[in-house]
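See structure below.
Derivation of every value follows stated rules applied to the coordinates shown; laboratory data play no part. These numbers were taken from a predicted model, which means no experiment stands behind them. Note that each Cβ is placed from the backbone with ideal geometry, even for glycine, and that neighbours are counted across all protein chains shown.
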Amino acid sequence: MGATNNEMEMTAFLESLKKLEQLSLTQQPLLFVLNSQYVIKSVSDTKDGPAWMKSWKKRDWKTANGKPV
């Protein structure tokens, strides 16, 4: 079965971060322009609440319903 849109959006973001690390560009400010609410809410605190990643980490990388992230 193919990946979901959310999985593809997150994969693209994570691969971008990996590439920046490979290029040793981790010690300078970066601005990501994103249109995926899933990625934004996963990694950024917003007016709607803290980044989902914070809760996932506390729950051993599981969603609120116990499924793996």
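To the nearest 20 Debye, how big is the dipole of the chain about its Cα centre, given +1 on the beta carbon of each Lys and Arg and -1 on that of each Asp and Glu?
300 debye
Using just the helices of the chain, give the 222 nm mean residue ellipticity in deg cm²/dmol: DSSP H runs with n ≥ 4 each add -39,500 (n - 2.57), and the total is spread over all residues, rounded to 500.
Helix contribution divided over all residues of the chain: -14000 deg cm²/dmol.
Have a look at Val33, Gln22, Trp56 and report the one farthest towards the positive end of the charge dipole of the chain, computed about the Cα centre with Cβ charges (Lys/Arg +1, Asp/Glu -1).
Trp56
In whole Hz, with x marking every Gly and Pro, tabulate ³J(HN,Hα) for the range 4-21 from phi via Karplus 6.51 cos²θ - 1.76 cosθ + 1.60, θ = phi - 60°.
Karplus values, whole Hz, x for Gly and Pro: 6, 4, 4, 4, 5, 4, 5, 4, 4, 5, 5, 5, 5, 5, 4, 5, 4, 5.
Expressed as a rounded percentage, what relative contact order does the chain have, with Cα pairs under 8 Å and six or more residues apart?
Across the chain, relative contact order equals 20 percent.
Multiply the residue gap between Gln28 and Lys41 by 0.36 nm, knock off their C-alpha separation, and tell me the result in nm, one decimal place.
2.4 nm
Please compute, over every Cα-Cα pair in the chain, the percentage with a separation greater than 15 angstrom.
For the chain, the share of Cα pairs beyond 15 Å comes to 63 percent.
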